[in-house]
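Student: So that we are looking at the same thing, I have put the structure below in structure tokens.
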Amino acid sequence: MELKTIGYVRNDVKNRKEMTAFGVPSVVEILPEYEAALLSIEKHSHLWVMGWIDRGERDVLQVIPRGGTELHGVFAVRSPARPNPIGLTAAKLMERRGLALHLDLLDFIDGTAVLDIKPYYAARDMVYSAASKDAGRSKNHLESLEFQAVRFHGSMNEEVARAVRLLATFREEHGSFDGWVITVPLSRPVIVDVVMGTTRASVGRGTLRFGTEDALVLEKDGSRLTYEL
């Protein structure tokens, strides 16, 4: 098996421990011999970036995820420790400048070798109904929810920020959204986007409803919580 480096990641993070949970603005510098492979890459808003995490431990098969307490197999988490230390991240292509691809957020440290780049296809890659149980505990619900909301809605604005703050308050006080039915005012379409993108609530599955009250209402097992918008 032969792998070829096609480029390198450039950013301000030199140490894995300094990397934020969702990455930092980065540039992928493609090697000159692969310039032809970039033809028409601007057609895509997002890209999959595959990197070689050369500092990952290859003989570790189980780890305790960051913020967690339980042991997990490395195939069940995103740890850099794995038999083949390959990282995969979806990132927004902000612009291309020659051989340089400017990305919104990438969780590879500076100097990481890039193995491949593929376009992110919403029709193939998006799995809206996907579900995962937390392996670790997030230290910042606001940051996590904001990341998901912007990925779903497409941009940040006051309506997005308002909904994210309310949902983060709920997460801090009540934990997971699992099992909760959420009612959202149909007159606030951006709020609807945020709720769908962060909670995975769905009209078809009966976990998302529309109402007239200018508030987020969450109900479960007889409990009713109201967060005024």
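The values are calculated or read from the model by the stated rules, or taken from the named source; none is laboratory data. Since the model is a prediction, treat every value here as computed from it, not as a measurement. Don't worry about glycine lacking a Cβ; one is built from the backbone with ideal geometry, like all the others, and counts go over all protein chains shown.
Student: Just checking, does segment 9-27 include any residue being farther than 15 Å from PHE108 by Cα and within 18 Å of the chain's Cα centre (by Cα)?
Tutor: no
Student: Residues of segment 62-75 being surrounded by fewer than 15 Cβ atoms within 10 Å (Cβ to Cβ) and farther than 19 Å from ARG16 by Cα, which ones?
Tutor: Correct list: THR69, GLU70, LEU71, GLY73, PHE75.
Student: Okay, moving on. If I ask for residues that are in contact with a strand residue (DSSP E or B) (Cβ under 6 Å, 6 or more places away or on another chain) and surrounded by fewer than 17 Cβ atoms within 10 Å (Cβ to Cβ), which ones from segment 87-109 would you list?
Tutor: Within segment 87-109, LEU88, ALA90, MET94, GLU95, LEU99, ALA100, HIS102, ASP104 meet the criteria.
Student: Something else: Taking strands (runs of 3 or more DSSP E) that do not extend beyond segment 136-229, which have at least 1 residues that are among the charged types (D, E, K, R)?
Tutor: Numbers: elements: 181-185, 208-211, 215-220, 223-228.
Correct list: 208-211, 215-220, 223-228.
Student: Residues in segment 107-119: is at least one under 15 Å from the mean Cα position of the chain (by Cα), among the small types (Gly, Ala, Ser) and not in a strand (DSSP E or B)?
Tutor: Taking segment 107-119 first, the residues under 15 Å from the mean Cα position of the chain (by Cα) are 107-108.
Imposing the further condition that a residue be among the small types (Gly, Ala, Ser) reduces the set to none.
No - not one qualifying residue is present in segment 107-119.
Student: Next up: Residue by residue through segment 145-173, note down the ones that are touching a residue at least 40 places away in the same chain (Cβ under 8 Å) and either basic (Lys, Arg) or closer than 12 Å to THR199 by Cβ (or both). Full working, then the answer.
Tutor: Let us first name the residues in segment 145-173 that are touching a residue at least 40 places away in the same chain (Cβ under 8 Å), namely 145, 147-149, 151-153, 162-163, 166-167, 169-170.
Answer for segment 145-173, where residues must be touching a residue at least 40 places away in the same chain (Cβ under 8 Å) and either basic (Lys, Arg) or closer than 12 Å to THR199 by Cβ (or both): LEU145, GLN148, ALA149, ARG151, PHE152, ARG162, ALA163, LEU166, LEU167, PHE170.
Student: Right, another one. Which number in (1) under 25 Å from LEU3 (Cα atoms); (2) without any contact (Cβ under 8 Å) to a residue 12 or more places away in the chain; (3) among the hydroxyl-bearing types (Ser, Thr, Tyr) marks the one condition that SER79 misses?
Tutor: Answer for SER79: the failing condition is (2).
Student: Considering every residue within segment 171-183, establish whether at least one is of a type in the set (A, V, I, L, M) and at pLDDT below 95. If you could, list the steps in order and put the result at the bottom.
Tutor: Step one: of segment 171-183, the residues of a type in the set (A, V, I, L, M) are 181-182.
Keeping just the survivors that are at pLDDT below 95 gives none.
Taking every residue of segment 171-183 in turn, none turns out to be of a type in the set (A, V, I, L, M) and at pLDDT below 95.
Student: Which members of segment 22-56 meet the condition of being in a loop (DSSP other than H, G, I, E, B) and surrounded by 15 or more Cβ atoms within 10 Å (Cβ to Cβ)? Spell out how you get there, then give the answer.
Tutor: Kept after step one, since they are in a loop (DSSP other than H, G, I, E, B), are these residues of segment 22-56: 22-23, 31, 39-40, 44-45, 53-56.
Listed by number, the residues that qualify are PHE22, GLY23, HIS44, ILE53, GLY56.
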